[in-house]
Amino acid sequence: MFCYQCEQTSQSTGCTAFGVCGKDPETAALQDLLIELCKQISVKALEARAAGKTTRDADLYVMEGLFTTVTNVNFDPKDIAGIISRGAQVLKDLGGEFELAGDMDGLISQGEKVGIESRMNTLGEDVTGLQELIIYGLKGTAAYADHAFVLEKEDDSVFAFFHEAMAFLLNPAPTVDELVALTLKVGEVNLTVMALLDSANTGTYGHPVPTPVRITPVKGKAILISGHDLKDLDLLLKQTEGKGINIYTHGEMLPCHGYPELKKYKHLVGNYGGAWQDQRAEFEAFPGSILMTTNCIQKPKENYKARIFTCGLVQWPGVQHIDNGDYTPVIEAALEADGFAETEEEKTILTGFGHNAVLGVAPQIIDAVKSGDLKHFFLVGGCDGAKPGRNYYTEFAEAVPDDCAILTLACGKFRFNKLDFGDIGGIPRLIDMGQCNDAYSAIQVAVALAGAFECDVNDLPLSMILSWYEQKAICILLSLLHLGIKDIKVGPTLPAFITPTVLQVLVDNFNIAPVTTVEEDMKQCLGA
Ligand code: SF4
Ligand code: SF3
């Protein structure tokens, strides 16, 4: 196997024997085969579209195929083999053909032939790296498109772009310039998709409002829900109402507490635990059942394997998967478990600062900036992860001067969101804008501030210090680059697929830089 799509890749170069995430070589090969099949489906879908035909099956297949291969989503080779054989049929329906091997070993060896290494030798590291940058961006965008899709929001131009980009990746001799242009186009389309998802989430559940969220347990039976899908939480809340079970959010579900149509449920009592990489210890200690939506699942320990469930595109071999929206097994497992024995003293953190809430207090923010009470904004956000070096983000947040505010989003915030940052004239110094896809909110706020100050976004007193782990962070970074945002600092390490040549292109055009030390980076941001 060879996989270097995420930040924790082995030796910072590539997982070759086994994935650091827990992905085995068989699953890796099948994922490569699935992506190859998606590319071929896209070629045929483009032809069909050009002939005026609709390509519904291919549109949804490619979106889900891309999302399925995001880091920490689907670890089940049997399930992926099933998806692949469905794909062969989708391709056939479009007049294409892909002769699939008849058994698992055969599929795995087919997958091994179409992996990244097969292109490295012919196209070289720079071109392959750029192709992968595009594919990883598309994977992230596909995940967001799928979240919007489950809330019945879609955009045909997005499906068309998936096909265009995937088909281009089969071009035998692409140039670096063509690939760079396509990379930025992924960022542009991702912005459309994040806007779509924002309208799906806020249209269905209302605009988030600032909300204190309890982070200590309440006595009683409990279910923990993790991931990004608001609809799954909504369904779970409806199905558990009046059953004497308390619902706790985990990881990227934390911001759900801010949505009026979700926070109205009294039994949505709080958030439990931190970011995804701490789940094995936290789930073991959680005295109830656990539902994993979207990413990021880790190999479950035996002592909670019977009380963890997956839904949507997430799968782990041997873990019960729920694909019909009926969470009865999760509820039964929660009722069988002990639940929390005691109610602990209430402690809370704040979430719910979507663009609507922040822009609602824009006049105060603008006054505070004009009077000099609020000197600088830092957007410190992105994915969390297990590798050492991520305490940089905690230390950075702590080092932010008292007259500056921190905007944050995604699961990286768990590094510092339980610290007390106080406020500036009533404006909290730590502003939790939501999940990773709520980067859209941050962009809206930045654009509105630039409008108010009649300047370019790059001239605002705003610095972006981002952390990445999986591919959704990649598509967000590409959206920021598409918007022409400069001087972004990225860490904890740079992607293995960004070669020195590609990095130079990014530095020359966007002055992007890896994080260094807190002192050095802070000095640069504040222009001191
Ligand atoms: Fe390795 Fe990340 Fe790929 Fe998993 S997703 S195999 S950890 S590079
Ligand atoms: Fe976190 Fe997986 Fe990326 Fe949605 S939950 S940000 S890592």
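The values are calculated or read from the model by the stated rules, or taken from the named source; none is laboratory data. Keep in mind that what you see is a predicted model, and the values were worked out from it rather than measured. So basically every Cβ, Gly included, is an ideal-geometry build from the backbone, and we count neighbours across all protein chains shown.
Brief remarks on what is shown
- Scanning the range 28-41 for residues that are farther than 20 Å from residue 60 by Cβ and more than 9 Å from ligand 1 (Cβ to nearest atom) returns 29, 32.
- Restricting the range 362-387 to residues that are closer than 28 Å to residue 472 by Cβ and part of a loop (DSSP other than H, G, I, E, B), the residue that is farthest from ligand 1 (Cβ to nearest atom): 384
- Residue match in the range 491-501 (condition: under 25 Å from the mean Cα position of the chain (by Cα), buried (at least 20 other Cβ atoms within 10 Å of the Cβ), small (Gly, Ala, Ser) and more than 16 Å from residue 379 (Cβ to Cβ)): yes
- Residue in the range 159-178 that is at pLDDT below 95, among the aliphatic types (A, V, I, L, M) and assigned to a helix (DSSP H, G or I) present: yes
- Residues in the range 322-379 that are under 26 Å from residue 393 (Cα atoms) and over 31 Å from the mean Cα position of the chain (by Cα): 368, 369, 372, 373.
- All of 242, 273 fail the test of being of a type outside the set (Lys, Arg) and farther than 26 Å from residue 418 by Cβ, apart from 242.
- Residue in the range 445-472 that is farthest from ligand 1 (Cβ to nearest atom), counting only those that are assigned to a loop (DSSP other than H, G, I, E, B) and in contact (Cβ under 8 Å) with a residue 60 or more places away in the chain: 453
- Residues of the range 484-498 satisfying the condition of being assigned to a loop (DSSP other than H, G, I, E, B) and within 16 Å of ligand 2 (Cβ to nearest atom): 492, 493, 495
- Options 150, 158; residue that is buried (at least 21 other Cβ atoms within 10 Å of the Cβ) and of a type in the set (A, V, I, L, M): 158
- Residue 7 meets the conditions (1) farther than 30 Å from residue 96 by Cα; (2) more than 9 Å from ligand 1 (Cβ to nearest atom) in every case but one. The failed one is (2).
- Near pairs, Cβ below 6 angstrom, 6+ apart or cross-chain, from the range 208-231 (over 15 Å from residue 287 (Cβ atoms)) to any residue that is within 16 Å of ligand 1 (Cβ to nearest atom) and in a loop (DSSP other than H, G, I, E, B): 227/294; 228/294; 229/294
- Unmet criterion (only one of (1) modelled with pLDDT under 95; (2) at positive phi) for residue 434: (1)
- For the range 25-47, the criterion of being within 27 Å of residue 412 (Cβ to Cβ) and hydroxyl-bearing (Ser, Thr, Tyr) is met by at least one residue.
- Residue, nearest to ligand 2 (Cβ to nearest atom), within the range 388-420, restricted to residues that are assigned to a loop (DSSP other than H, G, I, E, B), crowded, with 19+ Cβ neighbours inside 10 Å and at negative phi: 409
- Only listed residue being under 21 Å from residue 470 (Cβ atoms), away from ligand 1 (no atom under 16 Å from the Cβ) and touching a helix residue (DSSP H, G or I) at 6+ places or on another chain (Cβ under 8 Å), chosen from 293, 310, 240: 293
- Members of the range 4-34 that are within 16 Å of ligand 2 (Cβ to nearest atom) and of a type outside the set (Lys, Arg): 5, 6, 7, 8, 9, 19, 20, 21, 22
- Number of the condition not met by residue 44 [criteria: (1) crowded, with 24+ Cβ neighbours inside 10 Å; (2) over 16 Å from residue 116 (Cα atoms)]: (1)
- Among the residues of the range 301-318, those identified as within 24 Å of the chain's Cα centre (by Cα) and touching a residue at least 24 places away in the same chain (Cβ under 8 Å) are 308, 309, 311, 312, 313, 314, 315, 316, 317.
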